[in-house]
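Accompanying notes for the structure given below.
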Amino acid sequence: MRAWRPLLALAAVSVVLAGCGSADTPGTAGTAASAAPAGPWSFTDGSGKTVTADKTPTRIIAHAGEAAALMSFGIKPVGIYADESVKTDANLKDLDLTGIEILGQEWGKIDVEKAAALRPDLIVGDWWPAEKAHSGLEEGVDEKSKKLAELAPVVGVSQGKSIVELAKGYENLAKSLGADVDSPDIAANKKRFEQAVATFKEAVAAKPDLTVAAMGPADDKLYVANPEYAPELLDFQSWGMKVINPQSPDPGFPYWENLSWENADKYQPDLILFDGRSFKPTSNADWGKKQPTWFKIKAAKAGAVVAWPAYWLHTYGDFATELDKLTAAVKTADPNIGD
């Protein structure tokens, strides 16, 4: 199970990186990037550092979710590195990746030689404050992969306390790269998101006693997510959903409380938000067969389970889609199941 990073405040430091790319290097980003202003360019990274360049970057390599965020604003990277197959990555599976070099499809493994051949002038990856590193460049990844950071400046928005803030951060980055963030398509996505939030709030308000727990079942343990380190869960809480805060997060790894399967019923929510990533088996019924104590949780036994978009959201459109699914589950949920 991949680690989820805590949130730390970092002091701002200015880093000047002049002359990114060369004048005769053609940009191969999307339509919005091709219209990027000549420069100079700057962006304040999630770490607090301000990165500057003489020219606006156009040849961009991005981590999966961050690439999806840029593409939602019309900026097409020249290369993408992902933590799993691009065909199954929730951010990328429905995107047209034609013409984009795939540099890695496993966490911590990036083909840096292939990346160097793309002559990037910017690398984009979320900033994870706990590791003080960007996506794919954290401790534990292949040492050769870390050399990606030697090819070009690395920037990204910080994984913080709200997916809305994360999406806004990538909107600001896209704008700095020349995207028209006020285009009709983008405005329509943002409006759909605003409507999804309003509908979600109404559904939650109609069931004030409904309790929810976000869980990630695995072979060895049942993991109960700590909202303090999960920005989408913090958004849900801020919109009125009663997401349970676990009592005893792991002291050295506080993203989760780790329960043995014998203690799977420690919490009895009315609705389970089931980690929607690539855990196997991936259905409520499958886990009941694999770990019978899963059904000691009353909500699991009743089938009151809905996929949770765990830790991957980056765009207004994706958040709107996932919120609509959660809203439908809230509307049909029984607030008395966990009693």
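Here the extension length gained between residue 117 and residue 262 equals 47.0 nm, from 0.36 nm per residue of separation less the Cα-Cα distance. Rounded to whole numbers, the Karplus 3J(HN,Hα) couplings from phi for the stretch 145-160 are 5, 5, 5, 4, 5, 7, 7, 6, x, 10, 9, x, 7, 6, 6, x Hz, using 6.51 cos²θ - 1.76 cosθ + 1.60 with θ = phi - 60°, and x at Gly and Pro. Within the straight-line cut-off of under 18 Å between alpha carbons, the lysines reachable from residue 146 are 109, 114, 132, sequence neighbours fewer than 8 places apart in one chain being disregarded. The packing ranking of peptides 146-153, 266-273, 328-335, highest mean first, is 266-273, 146-153, 328-335, where packing means the average number of other beta carbon atoms within 10 angstrom of each residue.
Using R0 = 35 Å, the C-beta based FRET efficiency linking residue 50 and residue 325 works out to 0.40. Mean separation of Cα pairs under 8 Å and 6 or more residues apart, divided by the residue count, gives the chain a relative contact order of 16 percent. The alpha carbon radius of gyration of the stretch 57-119, expressed as a multiple of 2.2 N^0.38 Å, is 1.00.
With distances taken between every two different alpha-carbon atoms, the stretch 185-326 has a Kirkwood hydrodynamic radius of 15.7 Å. Taking 20 Å as the limit for the C-alpha separation, the pairs 221/296; 168/190; 266/325; 55/76; 266/298 exceed it in the case of 266/325.
Keeping the other protein chains in place, figure out the carbon and sulfur percent of the accessible area of the chain, with a 1.4 Å probe. For the chain, the apolar C and S fraction of the accessible surface comes to 51 percent.
Close amide H partners of residue 226, meaning residues 5 or more places away or on another chain with modelled amide H under 5 Å apart, are 256, 257. Taking only protein heavy atoms and a 1.4 Å probe, what accessible area per residue, in Å², does the chain have with all protein chains in place? Heavy-atom SASA per residue in the chain reads 44 Å². Taking the Cα centre of each part, how many Å lie between the stretch 259-278 and the stretch 100-148? Measuring centre to centre over Cα atoms gives 33 Å. Our coupling estimate for the stretch 322-337, obtained by passing each phi through the Karplus curve with A = 6.51, B = -1.76, C = 1.60 and θ = phi - 60°, is 5, 4, 4, 5, 5, 4, 4, 5, 5, 4, 9, 6, 9, x, 10, 4 Hz, Gly and Pro reported as x. If you keep only loop residues by DSSP, which GluC sites (Glu not before Pro) in the stretch 204-292 have at most 11 other Cβ atoms within 10 Å of their Cβ? Sparse-neighbourhood loop GluC sites (Glu not before Pro): none present. Under conditions of 20 °C and 1.002 mPa s, the chain yields 102 µm² s⁻¹ as its translational diffusion coefficient, taking Rh as the Kirkwood radius over Cα pairs in the Stokes-Einstein equation. Across the stretch 185-339, the relative contact order, built from alpha-carbon pairs under 8 Å that are at least six residues apart, equals 31 percent.
If a spin label sat at a point 7 angstrom from the Cα of residue 238 along the line to its beta carbon, the backbone N atoms of the stretch 157-197 nearer than 18 Å would be those of 157-173, 190-197. R0 = 25 Å: FRET efficiency of residue 247 with residue 220, Cβ-based, nearest 0.05? Plugging the Cβ-Cβ distance into 1/(1 + (r/R0)^6) gives 0.80.
The values are calculated or read from the model by the stated rules, or taken from the named source; none is laboratory data. Everything quoted here is computed from the prediction, not taken from an experiment. Quick reminder, even Gly has a Cβ in these numbers, built from the backbone with ideal geometry, and neighbours come from all protein chains shown. When the accessible area is computed, the model is the full protein with side chains, heavy atoms only, and any ligands, DNA or RNA have been set aside. Shrake-Rupley method; radii C 1.70, N 1.55, O 1.52, S 1.80 Å.
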